[in-house]
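First comes the structure, then the notes that go with it.
The values are calculated or read from the model by the stated rules, or taken from the named source; none is laboratory data. Being a predicted model, the structure only gives us computed values, none of them experimental. Every residue, glycine as well, gets a Cβ built from its backbone with ideal geometry; the counts of neighbours run over all protein chains shown. Note: areas computed on protein heavy atoms with side chains; ligands, DNA, RNA excluded. Shrake-Rupley method; radii C 1.70, N 1.55, O 1.52, S 1.80 Å.
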Amino acid sequence: MTEDTLKVFIDGVVRYFQHTSHKEVKVGAPYLVDNRQPASFDYTGIIGISGPYRGTVYFTAPRALLSHLLLSLGEQDTSTGNILDLVGEVANTIAGNARAAFGHEFMISVPVMIEGAPSQIQLPVDLRSYVIPVSWKSYQAAVVICLEGV
Amino acid sequence: MLDVMIVDDSNIIRRKIERSADRQFFNIVALARNGLEAVDLFQAHRPQVVTMDLTMPEMDGIECVERLVKIDPAVRILVISALSDVETGILALERGARGFLCKPFDDEQLNGALTELVEGLHD
């Protein structure tokens, strides 16, 4: 995966948080992890990618970050249903925005939301993923990219 | 006052649009979670304005735009989607949408897009 490809997703994260919260978000240096030990926080929104690129893009965050982000959106209901909805929407927005760079053949699925880390069903064990660390307010989160064909 | 239906599979986005739309001009009459539900609610409420997500389960937004325009060719549909490639925007417009707003968006962008969408309808 090239630096330019990663930058597409980094720009997507920054755009999301800037538009949504008007607060600065910091993005750390991306690093590689083994899919047998996927990076994860409390909740994860997973987007399946198909077309010329195949794999998964996911956003994972602790409940505290997601609760705070909901409040920033003007949403007072921080129930688990809305937390799961939000983590899926963030993943969907970041992956969807990537089509501006990759074109309409970069097909994205509807989000799958889970508590904890993606399983081997979502992440092929023979591949590795790039983790993009995200820091917003005092919270840590991550966007994780596992793609073939880029 | 124009009647509006909001179509999005995310409860948070539906509620955000509902909260943010200028109530001086827009009256929210229906909220739909997917394209199939949207077709049913559209027939029941006949809103003049629809905000439409694209990536949804059951029936996606492009197919739903086509169905709604067949029912009422005068309906004003604003697509609100994270799919930010030019081809998707053109496809939505070709199928009958009248505007396109990319997620993420803020209140000002939403109301700007809605105002542009309904230009002439208030007269």
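If you go through the stretch A:119-130 one residue at a time, do you hit one that is within 28 Å of A:K23 (Cα to Cα) and either touching a helix residue (DSSP H, G or I) at 6+ places or on another chain (Cβ under 6 Å) or in a strand (DSSP E or B) (or both)? Yes, the conditions are met somewhere in the stretch A:119-130.
Residues that are within 14 Å of another protein chain (Cβ to nearest Cβ), farther than 24 Å from B:R33 by Cα, at pLDDT below 95 and surrounded by fewer than 20 Cβ atoms within 10 Å (Cβ to Cβ) do occur in the stretch A:25-33. Among the residues of the stretch A:94-110, some residue qualifies, meaning at least one is crowded, with 23+ Cβ neighbours inside 10 Å, part of a helix (DSSP H, G or I) and among the aliphatic types (A, V, I, L, M).
Hey, can you tell me all the residues within the stretch B:93-123 that are of a type in the set (F, W, Y) and either part of a strand (DSSP E or B) or at pLDDT 95 or above (or both)? B:F100, the sole residue that qualifies. Could you check the stretch B:12-50 and list, in sequence order, the residues that are open to solvent by less than 50 Å² (accessible area, probe 1.4 Å) and of a type in the set (S, T, N, Q)? Passing the criteria: B:S20, B:N34. Hey, A:I83 hits all of (1) in contact with a Pro (Cβ under 6 Å, 6 or more places away or on another chain); (2) within 15 Å of A:F41 (Cα to Cα) but one; which does it fall short on? Unmet condition: (1). Might you check whether a residue that is among the small types (G, A, S), open to solvent by 70 Å² or more (accessible area, probe 1.4 Å) and in contact (Cβ under 8 Å) with a residue 12 or more places away in the chain occurs anywhere in the stretch A:55-77? No, the stretch A:55-77 has no match at all.
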